[in-house]
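The block underneath contains the structure these notes are about, expressed in structure tokens.
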Amino acid sequence: MSAIDRRTFLTGLTVATGWTIVPRRVLGGQGYVAPSDMIRLAQVGCGTQAQRQVNTGLVERPDVQFVAVVDPNRDTQNYVDWSRFENRDRIRKFLGEPEWGAADKGIRAGREVAKEIMELYYRKQQRPGGIRSYEDFREMLEKESDLQGVINITPDHQHGSINIAALKKGKAAISHKPVASVVYEVRRTLDAARGSKAPSHLLAYSNNADRHTLAAWIKAGAIGTVREVHNWSNRPFWPQGMQAYHTSGPPVPDGFNWALWQGPEPERVYHPSYTFAVYRGWYAYGTGCLGDMGHYSLWQPYRILNLGVPEFVEARPNNEAFVGENNVSTGGRVSKVAFPRASTVRWRHPATADRPAIDTFWYDGGMKPQTPEEIYSDGEDLDAEGMLIVGDKGKILCDFRGDAPQLLPRSRHEAFVKSVTVPEFDTTSPEDEWITAIKKGTKSKGSFEEVGALAEAVALAGIALRVPYKRLLWNSARMEFTNAPEANALVRREQYREGWTIT
């Protein structure tokens, strides 16, 4: 029986027999949270990532109540995801509805889909429903006066606008990475976070045991004084290296407000290669592999080593494509519109009273650091993704996000591990961290301010990739490069669409 047929059947049964479903608020009991004690949230962005993180996760928390959903897209089946029906199968399991979405021909998402999923779940739990759907987050913020926070899971180029607007309205900004996609907007978002009574939180925040283990090893002198951090990813999994924006494209899908989706960016011809999961490859709409994953991984050494805003950044993009039997290069032109197919980035973080300067390196597109001799001596090589922390007395090899640390050479590992005690630490989950911050009016440990230095470094890398092969000296106080006027032109958007200017 379909969800619609089931609802019709239950409605008829109620009228015919007088039988009713007793609301959960009447039943009370263990685990019950009164509606007045629930955190009222809006979901801004209703694509496939939001379905994974919100529709089939946060919705089931009894202390959270979604009251609104927002997306420029109403309901379409042209989304891009890891597999065709992975999300649909997850939603079916979550709802207990094995036939949900049976008529779908493609990957379905949009604001009306998010509303449908949430309301069906709430009905099954006898919880309040009545979720409102909006096309524009600005209208939602004006009308939802009792809202306490927004979950921002939108394309990167909209993050600054939405986070700032929410915080200025006194609503918590709980955001997917990045904080914002350009340096100027990162700064304005941090200003808004500092000036708001509502908390902010970046969903890339983590607090697992391995991070504390890594911190304890470094503090105990496992590798001496840290000099370098290397982090590499095998991404991108989406197109990059494009040389120009599209000059034509198919019609805009019905129900999709293309002008609104572009947000602060100037008007461009619609093309599906800009939207949904593939937006990441464009400077106008995404932040590349680093913006996608670097907030998860590099945040660990930033916190452990107290890395501030870098004093310089330099990048080496690679758009080479090899063809034919002789692997003849077709060229490696630097693109001004799209992230490269592969790249390396280097930042230098100034010395502090507690440590010397530290260089951080990022690699993507299959690029990696040189394999340490200690790995060769163990008969191994670097994995496709990972992190290497280099000190003047040794090295620590981790997985991509800084987890599963291993002291190199491995012959030192076991003896050292037994000699170090990891202090007890707060085990609050990332989700409970920001929910508690909203409830108590406190700052989250995953706040925008806490990740501010890394957020700025990521945005600086996006500039260096367009002004490559040059060490760009960054004056953080003046928010400008001292040796590259062409780079300063990229510190903020060249032009803001009317109604989207950020001050």
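Looking only at region 36-86, count every residue that is closer than 19 Å to Phe137 by Cα, among the hydrophobic types (A, V, I, L, M, F, W, C) and either outside the structural domain of Val150 (by TED's automatic domain parsing) or not in a strand (DSSP E or B) (or both) and tell me the total.
Here the count works out to 3.
Which residues, taken from region 367-393, are modelled with pLDDT of 95 or more and not in a loop (DSSP other than H, G, I, E, B)?
Gly386, Met387, Leu388, Ile389, Val390, Gly391, listed by residue number.
I'd like the full set of residues that are free of Cβ contacts under 8 Å to residues at least 60 places away in the same chain and among the polar types (S, T, N, Q), limited to region 141-174.
Result: Ser145, single match.
Hey, any hits in region 409-430 for a residue that's touching a residue at least 40 places away in the same chain (Cβ under 8 Å) and within 18 Å of Asn163 (Cβ to Cβ)?
yes
Could you tell me whether region 18-27 includes any residue that is over 23 Å from Ser145 (Cα atoms), surrounded by 11 or more Cβ atoms within 10 Å (Cβ to Cβ), modelled with pLDDT of 95 or more and not aromatic (Phe, Trp, Tyr)?
No, that holds for no residue.
Every residue in region 297-321 that is among the polar types (S, T, N, Q) and either under 20 Å from Met479 (Cα atoms) or surrounded by fewer than 23 Cβ atoms within 10 Å (Cβ to Cβ) (or both), please.
Start the filter on region 297-321 by keeping residues that are among the polar types (S, T, N, Q), which leaves 297, 300, 306, 318-319.
Asn306, Asn318, Asn319 - these are the residues of region 297-321 that are among the polar types (S, T, N, Q) and either under 20 Å from Met479 (Cα atoms) or surrounded by fewer than 23 Cβ atoms within 10 Å (Cβ to Cβ) (or both).
Tally the residues that are crowded, with 23+ Cβ neighbours inside 10 Å and among the charged types (D, E, K, R), restricting the search to region 178-214.
Total satisfying the criteria: 1.
Give just the number: which of (1) at pLDDT below 95; (2) touching a strand residue (DSSP E or B) at 6+ places or on another chain (Cβ under 6 Å); (3) small (Gly, Ala, Ser) does Gly324 not satisfy?
With respect to (1) at pLDDT below 95; (2) touching a strand residue (DSSP E or B) at 6+ places or on another chain (Cβ under 6 Å); (3) small (Gly, Ala, Ser), Gly324 is out only on (2).
Across region 109-132, what is the number of residues that are within 18 Å of Phe276 (Cβ to Cβ) and out of contact with any helix residue (DSSP H, G or I) (no Cβ under 7 Å at 6 or more places or on another chain)?
Residues in region 109-132 being within 18 Å of Phe276 (Cβ to Cβ) and out of contact with any helix residue (DSSP H, G or I) (no Cβ under 7 Å at 6 or more places or on another chain): 4 in total.
Being in a loop (DSSP other than H, G, I, E, B) and charged (D, E, K, R) is the filter; apply it to region 247-290 and report the residue that is surrounded by the most Cβ atoms within 10 Å (Cβ to Cβ). Lay out the reasoning, then the answer.
Here is the first cut: in region 247-290, the residues in a loop (DSSP other than H, G, I, E, B) are 247-255, 257, 263-271, 275, 283-287.
Then drop every residue that is not charged (D, E, K, R), which leaves 254, 265, 267-268.
Working: Asp254: 8, Glu265: 19, Glu267: 9, Arg268: 16.
Of everything passing the filter in region 247-290, Glu265 is surrounded by the most Cβ atoms within 10 Å (Cβ to Cβ).
Condition first: outside any loop (DSSP other than H, G, I, E, B) and either of a type in the set (S, T, N, Q) or surrounded by fewer than 20 Cβ atoms within 10 Å (Cβ to Cβ) (or both). Now tell me which residues in region 227-245 satisfy that.
Narrowing region 227-245 to residues outside any loop (DSSP other than H, G, I, E, B): 227-232.
Selection gives Arg227, Glu228, Asn231.
Could you tell me whether region 378-389 includes any residue that is out of contact with any Pro (no Cβ under 8 Å at 6 or more places or on another chain) and under 16 Å from Glu228 (Cα atoms)?
Step one: of region 378-389, the residues out of contact with any Pro (no Cβ under 8 Å at 6 or more places or on another chain) are 379-381, 383-386.
Those left that are additionally under 16 Å from Glu228 (Cα atoms): 386.
Yes, some residue in region 378-389 is out of contact with any Pro (no Cβ under 8 Å at 6 or more places or on another chain) and under 16 Å from Glu228 (Cα atoms).
Among all residue pairs at least 6 apart or on different chains, which show Cβ distances below 7 Å where the first residue, located in region 255-280, is farther than 24 Å from Trp82 by Cα and the second is part of a loop (DSSP other than H, G, I, E, B) and hydrophobic (A, V, I, L, M, F, W, C)?
Gly263/Trp500; Pro264/Trp500; Glu265/Ala284
Just for region 473-493: of the residues that are among the small types (Gly, Ala, Ser) and closer than 15 Å to Glu456 by Cα, which one is surrounded by the most Cβ atoms within 10 Å (Cβ to Cβ)?
So in region 473-493, the residues among the small types (Gly, Ala, Ser) come out as 476-477, 484, 487, 489.
Still in the running and closer than 15 Å to Glu456 by Cα: 476-477, 487.
Numbers: Ser476: 16, Ala477: 7, Ala487: 21.
If we take residues in region 473-493 being among the small types (Gly, Ala, Ser) and closer than 15 Å to Glu456 by Cα, then Ala487 is surrounded by the most Cβ atoms within 10 Å (Cβ to Cβ).
The values are calculated or read from the model by the stated rules, or taken from the named source; none is laboratory data. Fair warning: this is a prediction, and the values are worked out from it, not measured in the lab. Please note: Cβ atoms are built from the backbone with ideal geometry, for glycine as well, and neighbour counts cover all protein chains shown.
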